[in-house]
1. Pairs only if they're at least six apart or on different chains, beta carbon under 6 angstrom, first in the stretch 216-244 and on the phi > 0 side of the Ramachandran plot, second surrounded by 12 or more Cβ atoms within 10 Å (Cβ to Cβ) and not in a helix (DSSP H, G or I); list them, first residue then second.
2. With respect to residue 145, determine if the residue is modelled with pLDDT of 95 or more and farther than 30 Å from residue 90 by Cβ.
3. Regarding the stretch 47-64, can at least one residue be identified that is within 14 Å of residue 117 (Cβ to Cβ), in contact (Cβ under 8 Å) with a residue 60 or more places away in the chain and in contact with a helix residue (DSSP H, G or I) (Cβ under 7 Å, 6 or more places away or on another chain)?
4. Scanning for something over 18 Å from residue 136 (Cα atoms), assigned by TED's automatic domain parsing to the domain that holds residue 138, over 18 Å from the mean Cα position of the chain (by Cα) and without any contact (Cβ under 8 Å) to a residue 24 or more places away in the chain, does the stretch 19-39 turn up at least one residue?
5. Of the residues 12, 54, which is in a loop (DSSP other than H, G, I, E, B) and either over 18 Å from the mean Cα position of the chain (by Cα) or assigned by TED's automatic domain parsing to the domain that holds residue 81 (or both)?
6. List pairs: first in the stretch 115-128 and modelled with pLDDT of 95 or more, second part of a helix (DSSP H, G or I), Cβ under 6 Å, 6+ apart or cross-chain?
7. Could you list, in sequence order, all residues of the stretch 91-102 that are farther than 13 Å from residue 141 by Cα and surrounded by fewer than 17 Cβ atoms within 10 Å (Cβ to Cβ)?
């Protein structure tokens, strides 16, 4: 998969493409992460990418011409979908990350200033927000998007089941994880994980994932795919809570 990031600060991504999951995937040739300086697509001597808003107001607005010129130039290299990073976009989640990982190529436009000239939106396929808070620019959002999407590209993670067991992949938070030692200051690894009984281990993990989701993110249960056993387990948790 190819990521093309349109930004005023290409150097922001220099370490991102060298380290971690993204770096390893790039080294293996499984993904390609390219950065493009928006100023290279301006035509004035000052390389202007922003201007004051019509009608007045605070701050500056990203100009339509350089962004569209950049998108058209990048698409000459092959078809691609375009995503704008913006607080007005849909919330980025595991489902959207999975959808994006199926694309052969994604161009991410990093927002800056007070926002986009509204006409830029006509050239985008996605508008994405990574949360309800204010960032100085879309570069941080692009880091999040590329990391979450890249790990879902086939072959990127060492073990095929790693992505499937992550939090949110099944609509639930991940179950608790343990490693050596078995006992740390009186805090023991649950006996079931030491039993070697794989069926019981999987059942325990499912139940603990449900318990953790119920306790920490109950909103996720509204859209999670639950079995009758799952629902019965959740009901037992609720009844136990009512008794205490």
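1. Filtered contacts from the stretch 216-244: no entries.
2. Numbers: modelled with pLDDT of 95 or more: yes; farther than 30 Å from residue 90 by Cβ: no.
The answer is no for residue 145.
3. In the first step, residues of the stretch 47-64 are kept if they are within 14 Å of residue 117 (Cβ to Cβ); the result is 48-55, 57, 59-64.
If we keep only those that are in contact (Cβ under 8 Å) with a residue 60 or more places away in the chain as well, we get 49-50, 53.
Applying the additional criterion that residues be in contact with a helix residue (DSSP H, G or I) (Cβ under 7 Å, 6 or more places away or on another chain) yields 49.
Looking through the stretch 47-64, at least one residue is within 14 Å of residue 117 (Cβ to Cβ), in contact (Cβ under 8 Å) with a residue 60 or more places away in the chain and in contact with a helix residue (DSSP H, G or I) (Cβ under 7 Å, 6 or more places away or on another chain).
4. Yes - at least one qualifying residue is present in the stretch 19-39.
5. Numbers: 12 fails: in a loop (DSSP other than H, G, I, E, B).
From the options 12, 54, the qualifying one is 54.
6. Partner pairs satisfying both residue conditions: 117/64; 119/64; 120/64; 120/67; 123/68; 123/71.
7. Within the stretch 91-102, 94, 95, 98, 99, 102 qualify.
The values are calculated or read from the model by the stated rules, or taken from the named source; none is laboratory data. Note that this is a predicted model, so its numbers are computed, not measured. Note: ideal-geometry Cβ built from the backbone for every residue, glycine included; neighbour counts use all protein chains shown.
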